[in-house]
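As structure tokens, the structure follows; a few thoughts come after it.
The values are calculated or read from the model by the stated rules, or taken from the named source; none is laboratory data. Remember, it's a predicted structure, so these values are computed and weren't measured experimentally. Backbone-built Cβ (ideal geometry, glycine too); neighbour counts: all protein chains shown.
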Amino acid sequence: MTTFADLGLSQKVLSAVTDAGYSTPTPIQAGAIPPALQRRDICGIAQTGTGKTASFVLPMLTLLEKGRARARMPRTLILEPTRELAAQVAENFEKYGKNHKLNIALLIGGVSFDEQDRKLERGADVLICTPGRLLDHCERGKLLMTGVEIFVIDEADRMLDMGFIPDIERIAKMIPFTRQTLFFSATMPTEIQKLADRFLQNPERIEVAKPSSTALTVTQRLVASHNKDYEKRAVLRDLIKQQDDLKNAIIFCNRKKDVADLFRSLDRHGFSVGALHGDMDQRSRTTMLANFKDNNITLLVASDVAARGLDIPDVSHVFNFDVPIHAEDYVHRIGRTGRAGRSGKAFTLVTRSDTKYLDAIEKLIGQKIEWLNGDLSALPAPMESHDTGERGRNKARGRDRDRSRGKRDETQAKAAAVADNETQEEVVVEAPAENVTAAPQRRSERRQQPAGRGDRQHPANDDRRERRNRHRDHDDGPTPVGFGDDIPAFMLVVANVGKA
Ligand code: AMP
């Protein structure tokens, strides 16, 4: 069996790897490290969770032992699609490079230019960036790319999805042609292959998992649900409660707004929950991630962009609140669990309108996914009041039955208002920074309150609470005609004050 010592890495690197507790290289590491040390270009087809990061960090550390950095002329450059991934790679350099004295500069958005400038001024051995921020620095004339010896493009398929390819092409033009290029992608569709052909010279190709395959260690199940969000939220809550072995979970939504709504709902129901989406500022995202990694929060509601490629070891469960529209996202989402050989569970809520996306997923992964409690045909008939869809409502406007429904809605809104009195401070979550990070603390405050809210803990009140919450969730649901999904925050606030 191949060991790390067989790969040609330096003593300093080997000792850091031993300290990290790793004895056997993963397949991408065994395949990529030896040719990378020989200064060959690499085309690595590997998903996150395969040990891909160390497969470029370890040889880079070894190669960087010779030579030193000059001011404003980085020696190596790593491009990552998201700030979180960039930060994770920086953490890997700290972990494996603890026996080295290297300057690592992290250039990501949301952090002050001045601090980053100072690092660049000292001379960076390793520059880890998101493409936009790197170009900003270049345009400010603070960076010379002519000294870059190793260029890493990580998560190339994600870069493509996020529209970064033109930026990468601009950056590549600034780096000498004689550089060594290490290129990684989870999947290799034609467009990515063309990109690889342009950037790489006679690369060593290492493919460790079939593109779009899902880990064998993940148990996948589909869960049928009616398609209203409040119904899906109830299904999700039941599902979470049924999991005896849930240590922590990521819950994926397709849209940022749904991330905020679901976070708010789970928080109200007393779950330990946080949220991560692209509109949050960098500080909140980092804090949220750290809280999740440190087990201060159990559930993390996230969008695809925010969560792609995050290295959160040991996630026991993934819940897809929405079936992803792009089938590859399914593979990436469930890849958050069952990492490094561990077992994991992935549940996907499926409604009648999701069947074509589900078909595409099953085609992509080449297998049928089992249903947990029967498929969509086994769903009980929807409750009448819950099934009044936005479309039906539009059609019925102006008719008598609309007036009577209006009354019913009003009654529900009042019931919701009573319930909302308790949680008024939680209403606007889309300003995520402080609100979101404060969630776990609010829960503990609630626990300390004997009167009123204390009844949340009493099992006898469960049913009543469930009914109230159902109304409340329903109230969260369809937004008024005219604003669609983009109802302005100030409207939500005013509506709530009125109710109270
Ligand atoms: P990555 O694919 O780089 O996101 O790594 C996934 C996880 O595997 C990280 O938590 C790494 O710390 C871990 N890991 C990396 N290399 C090894 C190894 N050789 N053996 C066991 N775990 C590893």
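Each row is one residue, and each column tells you yes or no for (1) part of a loop (DSSP other than H, G, I, E, B); (2) within 22 Å of Thr187 (Cα to Cα); (3) at pLDDT 85 or above.
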residue	(1), (2), (3)
Val318	no, yes, yes
Ile325	yes, yes, yes
Glu328	no, yes, no
Arg333	no, yes, yes
Leu349	no, no, yes
Asp354	no, no, yes
Tyr357	no, yes, yes
Lys363	no, yes, yes
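The set of residues in segment 26-53 being in contact with a Lys or Arg (Cβ under 9 Å, 6 or more places away or on another chain) and near the ligand (Cβ under 9 Å from one of its atoms) consists of Thr26, Ile28, Gln29, Ala46, Thr48, Gly49, Thr50.
Does segment 84-107 include one or more residues that are away from the ligand (no atom under 11 Å from the Cβ), outside the structural domain of His277 (by TED's automatic domain parsing) and hydroxyl-bearing (Ser, Thr, Tyr)?
no
Taken over segment 251-301, residues that are part of a helix (DSSP H, G or I) and of a type outside the set (Gly, Ala, Ser) amount to 21.
Whether any residue in segment 11-19 is more than 14 Å from the ligand (Cβ to nearest atom) and not in a helix (DSSP H, G or I) is what I want to check. Looking through segment 11-19, none of the residues is more than 14 Å from the ligand (Cβ to nearest atom) and not in a helix (DSSP H, G or I). Quickly run through segment 1-10 and pick out the residues that are more than 9 Å from the ligand (Cβ to nearest atom) and in a helix (DSSP H, G or I). If the condition is that a residue be more than 9 Å from the ligand (Cβ to nearest atom) and in a helix (DSSP H, G or I), then Ala5, Asp6, Leu7 are the ones that fit.
I want to confirm something. Restricting to segment 178-231 and keeping residues that are of a type in the set (Ser, Thr, Tyr) and surrounded by 18 or more Cβ atoms within 10 Å (Cβ to Cβ), which single residue is modelled with the lowest pLDDT?
Among those residues, the one meeting the criterion is Ser212.
Among the residues of segment 365-392, the ones that are modelled with pLDDT under 75 and closer than 30 Å to Pro25 by Cα come to 0 in all.
The set of residues from segment 54-78 being away from the ligand (no atom under 12 Å from the Cβ) and in contact with a Phe, Trp or Tyr (Cβ under 7 Å, 6 or more places away or on another chain) comprises Leu61, Leu77.
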